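Here is the structure we will look at, set down as structure tokens.
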There are 2 protein chains.
Amino acid sequence: MPSSQFSLRTISKSVLETEYAVRGAVPLRALAIDRELDDPELAKKYPFDRIVYCNIGNPMLLGLEYALFLRNYIALVLAPHVLTHSDAEICRIFNCNQNCIDRARAFLAKNPSGLGAYTTTKGFPSVRREVADFLERRDGFPADPEDIYLTDGASLPVKAVIKLLSGPNPFDSAILLPIPQYPLYSATLTLCSVHAVHYELHEEDDWSVRMDELRRRVDEHHATSKSTIRAIVIINPGNPTGSVLTHKALSSLVDFCDEKGLVILSDEVYQANIYAPEPEKDRPVFHSMKKVLREWEKAKGREGPSLFSFHSVSKGVLGECGLRGGFVECCNIPKDVGMELYKVFSLCLCANTVGQLAISVMTNPPDDVGYKKHTQTVFESLERRAQILSRSLGNVPFMTCETVSGAMYAFPRIYLPEYFVTEARKANLPPDSYYCLRLLEDTGVCTVPGSGFLQQSGTFHIRLTTLEDESRFEDFLLKIRNFHFKVWADASEPERTRVEEEIKRRMKK
Amino acid sequence: MPSSQFSLRTISKSVLETEYAVRGAVPLRALAIDRELDDPELAKKYPFDRIVYCNIGNPMLLGLEYALFLRNYIALVLAPHVLTHSDAEICRIFNCNQNCIDRARAFLAKNPSGLGAYTTTKGFPSVRREVADFLERRDGFPADPEDIYLTDGASLPVKAVIKLLSGPNPFDSAILLPIPQYPLYSATLTLCSVHAVHYELHEEDDWSVRMDELRRRVDEHHATSKSTIRAIVIINPGNPTGSVLTHKALSSLVDFCDEKGLVILSDEVYQANIYAPEPEKDRPVFHSMKKVLREWEKAKGREGPSLFSFHSVSKGVLGECGLRGGFVECCNIPKDVGMELYKVFSLCLCANTVGQLAISVMTNPPDDVGYKKHTQTVFESLERRAQILSRSLGNVPFMTCETVSGAMYAFPRIYLPEYFVTEARKANLPPDSYYCLRLLEDTGVCTVPGSGFLQQSGTFHIRLTTLEDESRFEDFLLKIRNFHFKVWADASEPERTRVEEEIKRRMKK
């Protein structure tokens, strides 16, 4: 056989079928344009001088400042020889306080090999204790460090758990996924040969779940398909939707999972990003699935569904995406199944130690004025931008946008004129992908088409982050607004009127 | 359905079937004993006061010192506000030189968001350029930064490539694995539903490959099985064997892969760990598979097999296991297949940025006396320990050990008396696992049974690292020697004589 047997025909079908739009065609085109912008001649082609990467929640790329305490603490643990100098000198050089130095020394006393050794599979015991304490404070229920794995970001443990759930044989198992969803989930299900069974989030009802519909969906699936639904993915606060689930909704979901025997995968990486939609109204509240589950169990007097909940330092107010720190808490997992999960994690040996330390700072924040002020400032800016973004996009003609109550994204619905849809078809692209490419080439704003997240059939959306630098935020919004205007300027008057009325009708509902 | 549907009966069969001995039963028992040693009362049960973790190549856990330059460079990039002080002051506080400061500044100038943002899927372009330059210097052939992915350690890209190779349907594909092998490979094949087809490394012939046997193995497989062999795993220097492949052996492997249309997965994480077996003899030489492949292509005037080669900062002389820095170079990969691999890596977004910087230091080491002296000292100590370990174990009665020419492990063959094998059977354990558990409980030395790596049927081995602190090395060897003595002390004289003669006969061959 020739060397050429290595081809698309021989490689994994599941890899071929996997889609991952967040780093798909639009972002790849953005990277190519970005390279051209470095060349003064080529740059002339474009009516902008930089790419605004709104395709992915990557705050520091768009200018977020790091938390001094976090970086100083990690730097001191990384370079412990610095700790031989006087505390006063270290404080001056690092612009840190005594607390930071003491904490670095305490960590090294407990972990003499510092950051250089593989840790145990679950991570540093002392950091897992800090995570457990954080969860106890958050939920008012006990947490066991033995149930916690420190991980490289949150994507990795999601993949491990889905692999575990993939059933004795390929396509034995199915998992409930919301529409829209974060494409990590659809991609991982495809890679693991697990069926995705979709349930809709209702856009006009604040992206909420309808429980009767969900129940019907499961019964329907089990009546007509051979695969068994084993789990449900819940993303709260929502990505890409920006919505926050209520206590009642979460409690109904626990009921439902208990009734159907489902495992819960709760993606809570945006738990610190909860915004007041309007300043005069009450702030929405984040309820962790773990808390709701334990309350449910207390009321029923028995154990409820199994739960994996995921968190990370990449989001929140730290935004430390590059350090890849995450964790998963495993609740109500049968002991023997837990040992199997341990084995899957062992294969990667352990999460990077710097990410583990970042998790320590996130879950056990210092009692430090500077740190508090920094995180508060970041939070308020994120909140302002979330409000402005959804309000402004909601006011663009031929576009609607639900309130961004949480996370870092808006997911506006874009209406597209017929001529534009025809152009997209000619270009052999979904209309929203075509829209995102045109928006990118016209404005430098890089977004992700709604089709990458799945969306109700016949509707089109884009997802964009709230992360553009606040000083340029107005300009950024104007660019999107002008582009959408231009798209509609070429449409016929009757079509414009018809769609405007359709939107009005929909908004009244 | 009740919540209890989450059980061993419903989870992934491939997860259930996966084995990973490096963090398996023996190391788990070691962790449990380690916890007991913290309690003065419980500690009395054991005739030792610490566990020597020889189960895994984790140098800093056993006392390896870090390279100052590497840690300082990363610390300065992590905490760039420190760079506002005078260079003289920074040099004094960090015990670093100007070079380190300049390099940190240069990195930040190229990468203004520093370590806090997700990088592109392949990693920092500037670091990939450094890796490419390193490969060019190493091999004398060009390397393209676009063919390089910076990764979280080397295990992760191995898993991604095997997933890619897993074929359109489960068990369509097979991959050639050496016996013995590193269990990451067998475990990942099981997880990805790929058949393992084994080829033997011949212990008494320096763990070498016999090409005629390998060809026969492939032809046999294709004559009798439905799956197609798509790739071969080569571990050079060998893990667990400690052997180093010759140029001739590698060149024959390229011939063979070209003939059979196989992709090569070349695990070269121990490329810097090459030891002179005896001081008066020539040092064995590391030839990278890439270099041998390019030479082969030059001679043939055409493209050869596809190659993935893996490297990491966890081994070598840096031993930075916790930072999880690795890379894979992809050669001769069809462009469309390469795009599929890109997609798989995109799902994890990017490798942790600190590990990426560590790769930069490894591949572009500073022109710094301190750094050179440190790495030289570490290397010489590793070399001494490798030599002492294989020589000493080779001299233990009822044990043989091939020369450790590379990597960080010895893989001695242990002969076991009949009564001991019977005891193991009664304990329902493979005899070598039983041996490792008894060794652990008797001496505190934690090793991995040969069965975890696969071994020629009817033979027993253990793998242990060369990493115990040099000042305690003699004591550590004595413990193993005494334990093995004790095992044989209880055997009958006729059995002792018979096995001694068998070993003599074998050694003469």
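Some notes on this structure:
- Centre separation in Å (Cα based) which lies between the stretch B:216-294 and the stretch B:64-101: 40 Å
- Pairs of C-alpha atoms in the stretch B:289-408 farther apart than 20 Å represent 64 percent of all such pairs.
- For the stretch A:6-48, backbone nitrogen atoms closer than 16 Å to the point 7 Å from A:ALA427 Cα along Cα-to-C-beta are found at A:24-33, A:46-47.
- Among B:LEU28, B:LEU349, a tally of other beta-carbon atoms within 10 Å of each Cβ gives an order, fewest to most, of B:LEU28, B:LEU349.
- Sorted from closest to farthest, the other copies place their A:SER126 label points 3.2 nm away, with each point set 7 Å from Cα along Cα→Cβ.
- Cβ-based exposure ranking for B:MET507, A:MET289, in which fewest neighbours within 10 Å come first: B:MET507, A:MET289
- Within 10 Å of each Cβ in A:311-323, the average number of Cβ atoms from other chains: 3
- Under the convention that each Lys and Arg Cβ holds +1 and each Asp and Glu Cβ holds -1, the size of the dipole of chain B around its Cα centre is about 580 debye.
- For the stretch B:306-320, Karplus couplings with θ = phi - 60° (6.51, -1.76, 1.60), whole Hz, Gly/Pro x: 6, 9, 10, 10, 10, 8, 7, 8, 6, 10, x, 9, 7, x, 8
- Taking a straight line from the alpha carbon of A:LYS300, these lysines sit under 26 Å away, with near neighbours fewer than eight places off in the same chain left out: A:LYS248, A:LYS260, A:LYS290, A:LYS291, A:LYS335.
- Amide proton proximity set for B:VAL52, modelled H, under 5 Å, gap of 5+: B:VAL445, B:CYS446
- Under 5 Å from the amide H of A:SER312 lie the amide H atoms of A:PHE327, each residue being 5 or more positions distant or on a separate chain, with H modelled from the backbone and absent for Pro and chain starts.
- Extension gain for A:ASN482-A:LEU31 works out to 160.0 nm (0.36 nm per residue, less the C-alpha to C-alpha distance).
- Kirkwood Rh in Å, taken over chain B so that all alpha-carbon pairs contribute: 24.5 Å
- Exposure proxy ranking for B:ILE101, A:ILE74, A:ILE179, based on other Cβ atoms within 10 angstrom of each Cβ and starting from the fewest, stands as A:ILE179, B:ILE101, A:ILE74.
- In chain A, the calculated helix contribution to ellipticity at 222 nm averages -14000 deg cm²/dmol per residue, counting -39,500 (n - 2.57) for every DSSP H run with n ≥ 4.
- Mean Kyte hydropathy of -1.0 or more with a Cα span along the axis of at least 27 Å, helices from DSSP in chain B: B:369-395
- Database remark: amide H of A:VAL197 closer than 5 angstrom to the amide H of A:ILE175, A:LEU176, A:LEU177 (H placed geometrically; neighbours at sequence offset of 5 or more, or on other chains; Pro and chain starts carry no H).
- Placing a label point 7 Å from Cα along the Cα-to-Cβ axis, A:ASP336 is separated from the same position in the other copies by 4.6 nm, shortest listed first.
- The label point for B:VAL285 and the one for B:HIS222, both projected 7 Å from the Cα toward the Cβ, are 3.3 nm apart.
A short reminder: the numbers here are calculations on the coordinates, not readings from a lab. The structure presented is a predicted model; accordingly, all values stated were derived computationally and were not measured. No Cβ is skipped: glycine too gets one built from the backbone with ideal geometry, and neighbour counts run over all protein chains shown.
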